[in-house]
Amino acid sequence: MFKINENYQKLPGSYLFSTIAKKVSAYTKANPEKEIIRLGIGDVTQPLAPAVIEAMHKAVDEMGNADSFRGYAPDLGYEFLRNAIAEHDYRSRGCDISPEEIFVSDGAKSDSANIQEIFGPDNRIAVCDPVYPVYVDSNVMAGRTGVYDAQAGTWSNVIYMPCTMENNFVPEFPKETPDLIYLCLPNNPTGTTITRTQLQEWVDYANQVGAVIIYDAAYEAYISEPEVAHSIYECQGAKTCAIELKSYSKNAGFTGVRLGYTVVPRELKCGEVSLNHMWARRHGTKFNGAPYIVQRAGEATYSPEGKAQLKEQVAYYMKNAAAIKNGLKEAGYTVFGGVNAPYIWLKTPEQMTSWEFFDYLLEKANVVGTPGAGFGPSGEGYFRLTAFGSYENTLAALERIKKL
Ligand SMILES: *Cc1c(COP(=O)(O)O)cnc(C)c1O
């Protein structure tokens with residue numbers, strides 16, 4: 001008789017988004033005349049940029065021609081894309097990352113889940129709390145849990161670093177030393193970030209204790225403040241302790257196109273063993289390359305036209321973010337984020353729990369957001385709104401909230 005992987009039994013349920021969907025559907029069924037505005041979406045809504053579409057069309061035509069047809073892509077990704085990444089995302093920012101250190105993939109979610117495979121099962125992980133659920137879930141699936149504390153609902157090998165208004169959403173070095181540290185900056189869900197100097201402290205800490213930082217930079221394109229690093233490799237010594245994940249989903253609207261990459265520097269080693277070689281081995285074994293057409297689309301995001309068009313898309317979302325942030329402030333809310341990220345994190349009023357505030361907003365304003373408690377214990381008492389809706393809907397939602 002076969003046996004299942006019992007680690008999957010330890011997974012926390014995907015309670016958050018299914019509960020939201022159920023509540024919204026029950027409400028609309030009971031109140032069919034009400035028009036719901038969704039400010040909970042974590043997906044982009046703007047169409048792909050013309051430069052991207054043009055590159056894809058051209059690549060499609062090439063694939064239909066015997067002279068320019070392409071089969072399997074190279075394991076690490078096409079050189080044209082890895083060269084463009086090295087040049088535009090790193091060298092132009094003074095970061096010395098070579099194309100051999102860049103692994104093209106189908107997105108940052110899968111990379112963030114898969115990267116833990118090259119680390120031992122006993123490694124302890126540290127995550128920010130609240131947190132993007134993939135980091136914890138993928139480690140639980142891999143059995144990286146340790147002893148369960150039923151009362152706290154936590155595992156001994158998963159260290160939560162609370163990020164709340166009390167510490168300005170800046171994670172503090174944990175009391176117990178972690179082996180892997182997940183940092184997502186700018187952050188989903190809080191929309192907050194830290195300065196280059198604060199990030200340098202994390203790099204120094206990781207090098208000192210012998211930990212690896214897994215740095216999720218999915219929201220890099222939304223950074224507006226000069227003191228915020230666009231890459232962890234802007235910090236001294238990051239190449240001996242950090243892996244960086246990037247995605248074209250939020251900066252270029254590739255959520256349905258699928259493209260990302262991971263940087264594993266050659267200097268990142270465990271004794272004599274190079275993590276770059278290990279990830280190359282893993283990538284070559286379990287992944288057969290991102291599509292040629294999509295890699296050409298990715299390349300187009302770095303052309304002068306592509307860059308200008310993507311800047312406009314990001315500006316559109318950030319105009320929504322500013323409208324939400326300012327509107328909520330006028331309505332008397334305490335708000336965070338929305339400056340370097342398309343997320344606004346608000347403190348629920350009058351000691352309401354996240355779910356109480358969810359119901360209140362749904363029933364009284366017909367606006368849907370995401371309860372902070374769904375992202376971790378320290379998210380309780382907070383609520384996430386996103387800037388990915390249309391400008392018109394965003395303004396309409398704020399008018400309703402202001403009238404409450
Ligand atoms: C959206 C998002 C990603 C991007 O994932 P893809 O698989 O590239 O679409 C990665 N990390 C975080 C925290 C995100 O919110």
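The values are calculated or read from the model by the stated rules, or taken from the named source; none is laboratory data. Keep in mind the model is a prediction, meaning the values are calculated, not measured. Heads up, the Cβs are rebuilt from the backbone with ideal geometry, glycines too, and the neighbour counts pull from every protein chain shown. Surface areas here come from the heavy atoms of the whole protein model, side chains and all, with no ligands, DNA or RNA. Shrake-Rupley method; radii C 1.70, N 1.55, O 1.52, S 1.80 Å.
Kindly provide the set of residues from the stretch 370-395 that are hydrophobic (A, V, I, L, M, F, W, C) and surrounded by 17 or more Cβ atoms within 10 Å (Cβ to Cβ), ordered by number. Break it down stepwise before answering.
Restricting attention to the stretch 370-395, the residues satisfying the condition of being hydrophobic (A, V, I, L, M, F, W, C) are 373, 375, 383, 385, 387-388, 395.
Across the stretch 370-395, the qualifying residues are Ala373, Phe375, Phe383, Leu385, Ala387, Phe388.
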Going through the stretch 10-20 in order, the residues found to be closer than 24 Å to Tyr391 by Cα and open to solvent by 60 Å² or more (accessible area, probe 1.4 Å) are Phe17
If only one of Tyr27, Tyr72, Tyr90 is open to solvent by less than 20 Å² (accessible area, probe 1.4 Å) and of a type in the set (Ser, Thr, Tyr), which one is it? Tyr90
Within the stretch 200-228, the residues that are under 26 Å from Phe388 (Cβ atoms) and of a type in the set (A, V, I, L, M) are Ile214, Ala217, Ala218, Ala221, Ile223, Val228
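This table checks each residue for (1) in contact (Cβ under 8 Å) with a residue 40 or more places away in the chain; (2) open to solvent by 40 Å² or more (accessible area, probe 1.4 Å).
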| site | (1), (2) |
| --- | --- |
| Gln116 | yes, no |
| Pro121 | no, yes |
| Ala126 | yes, no |
| Pro130 | yes, no |
| Val140 | yes, no |
| Ala150 | no, yes |
| Asn157 | no, no |
| Tyr160 | yes, yes |
| Cys163 | yes, no |
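Any chance you could count how many residues in the stretch 280-292 are closer than 23 Å to Phe80 by Cβ and surrounded by fewer than 19 Cβ atoms within 10 Å (Cβ to Cβ)?
Going through the stretch 280-292 one residue at a time, the tally reaches 5.
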Which condition breaks for Pro32 when tested against (1) within 25 Å of Ala396 (Cα to Cα); (2) outside any helix (DSSP H, G or I); (3) open to solvent by 40 Å² or more (accessible area, probe 1.4 Å); (4) in contact (Cβ under 8 Å) with a residue 12 or more places away in the chain? (4)
Could you please tell me which pairs satisfy a Cβ distance under 6 Å, a separation of 6+ or placement on different chains, a first residue in the stretch 381-404 that is on the phi < 0 side of the Ramachandran plot and in contact (Cβ under 8 Å) with a residue 60 or more places away in the chain, and a second residue that is part of a helix (DSSP H, G or I) and among the aromatic types (Phe, Trp, Tyr)? Ala387/Tyr317
Given (1) under 30 Å from Gln9 (Cβ atoms); (2) in contact with a Leu (Cβ under 6 Å, 6 or more places away or on another chain), where does Thr193 come up short, assuming only one miss? (1)
Answer yes if at least one residue in the stretch 13-27 is within 16 Å of the ligand (Cβ to nearest atom), polar (S, T, N, Q), modelled with pLDDT of 95 or more and not in a loop (DSSP other than H, G, I, E, B), and no otherwise. no
Heads up, the helices (runs of 4 or more DSSP H) in the stretch 97-215 (entirely inside) with at least 3 residues that are within 16 Å of the ligand (Cβ to nearest atom) and within 30 Å of Ala252 (Cα to Cα) are 108-114, 134-141
Are any residues in the stretch 94-137 basic (Lys, Arg) and closer than 25 Å to Val257 by Cβ, and if so, which ones? Lys109
Please note which strands (runs of 3 or more DSSP E) are completely contained in the stretch 297-404 and include at least 2 residues that are modelled with pLDDT of 95 or more and of a type in the set (Phe, Trp, Tyr). 343-347, 382-386
Out of (1) over 25 Å from Glu220 (Cα atoms); (2) open to solvent by less than 50 Å² (accessible area, probe 1.4 Å), the one Val335 does not meet is (1)
Residue under question is Ala280, and the condition is that it be hydrophobic (A, V, I, L, M, F, W, C) and over 22 Å from Ile102 (Cβ atoms); does it hold? no
Lone unmet requirement of (1) within 15 Å of the ligand (Cβ to nearest atom); (2) part of a loop (DSSP other than H, G, I, E, B); (3) touching a strand residue (DSSP E or B) at 6+ places or on another chain (Cβ under 9 Å) for Leu48: (3)
Within the stretch 244-279, tally of residues that are near the ligand (Cβ under 8 Å from one of its atoms), farther than 11 Å from Ala218 by Cα and open to solvent by 30 Å² or more (accessible area, probe 1.4 Å): 2
Checking Lys319 against (1) in the same structural domain as Ile102 (by TED's automatic domain parsing); (2) open to solvent by 40 Å² or more (accessible area, probe 1.4 Å), which single condition isn't satisfied? (1)
